[in-house]
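Participant: Please find one structure pasted underneath; my questions will follow.
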Amino acid sequence: MSRKPTYSAEFKADLVLEYLSSTESVRGFAHRNHLSEWTFQKWLDTWRVHGLSGLITKESNTSYSKEFKRTVVTEHLSGKSLRVLMAEYKLQSTSLISS
């Protein structure tokens with residue numbers, strides 16, 4: 001099943017770079033740009049780990065192996081935050097970890 005990204009990687013990168021050169025809070029910057037704080041923070045975290053390539057939306061859903069899921073859940077149970085895991089593994093949703 002293919003999907004169309006709501007925002008291009010270039011748009012996301014432009015906003016991240018604009019934010020990084022500002023002194024504004026994440027909340028204020030996100031709201032000023034009509035984004036949820038969670039969405040913008042996810043872009044920011046992903047940028048910090050993967051750069052532009054992390055902001056590119058995949059054209060189809062990803063299937064994860066049981067071993068991959070087990071690894072991610074184990075890391076979460078050992079104390080890593082959902083935000084950090086999402087950025088490290090380029091996860092689009094917390095549902096893999098939290099459900």
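Participant: In the stretch 80-99, what residues are among the polar types (S, T, N, Q) and part of a helix (DSSP H, G or I)? Quick ask: steps written out before the conclusion?
Facilitator: Our first condition is that a residue be among the polar types (S, T, N, Q); within the stretch 80-99, this holds for 81, 92-95, 98-99.
Those that are among the polar types (S, T, N, Q) and part of a helix (DSSP H, G or I): S95, S98.
Participant: Which ranges mark the helices (runs of 4 or more DSSP H) fully within the stretch 1-79 that have 1 or more residues being open to solvent by 30 Å² or more (accessible area, probe 1.4 Å) and within 15 Å of L91 (Cβ to Cβ)?
Facilitator: Values: elements: 9-20, 26-32, 37-50, 66-77.
Fully inside the stretch 1-79 and qualifying: 37-50, 66-77.
Participant: Does the stretch 17-36 hold any residues that are touching a helix residue (DSSP H, G or I) at 6+ places or on another chain (Cβ under 6 Å) and charged (D, E, K, R), and which are they?
Facilitator: The answer is R27, and nothing else.
Participant: Can I ask one more? Of the conditions (1) at pLDDT 85 or above; (2) over 18 Å from S8 (Cα atoms); (3) within 17 Å of the chain's Cα centre (by Cα), H50 fails just one. Which one is it?
Facilitator: (2)
Participant: Write out, first by first residue and then by second, each pair whose Cβ atoms fall under 7 Å of each other, whose residues are 6+ apart or on separate chains, and whose first residue, in the stretch 65-89, is closer than 17 Å to V49 by Cα while the second is modelled with pLDDT under 90 and in a loop (DSSP other than H, G, I, E, B).
Facilitator: L82/T94; L85/L91; M86/T94
The values are calculated or read from the model by the stated rules, or taken from the named source; none is laboratory data. Just so we're clear, the structure is a prediction, and the values are computed from it rather than from any experiment. As a convention, Cβ positions derive from the backbone with ideal geometry for all residues, glycine included, and neighbour counts pool all protein chains shown. What goes into the accessible areas is simple: the full protein's heavy atoms, side chains included, and nothing from ligands, DNA or RNA. Shrake-Rupley method; radii C 1.70, N 1.55, O 1.52, S 1.80 Å.
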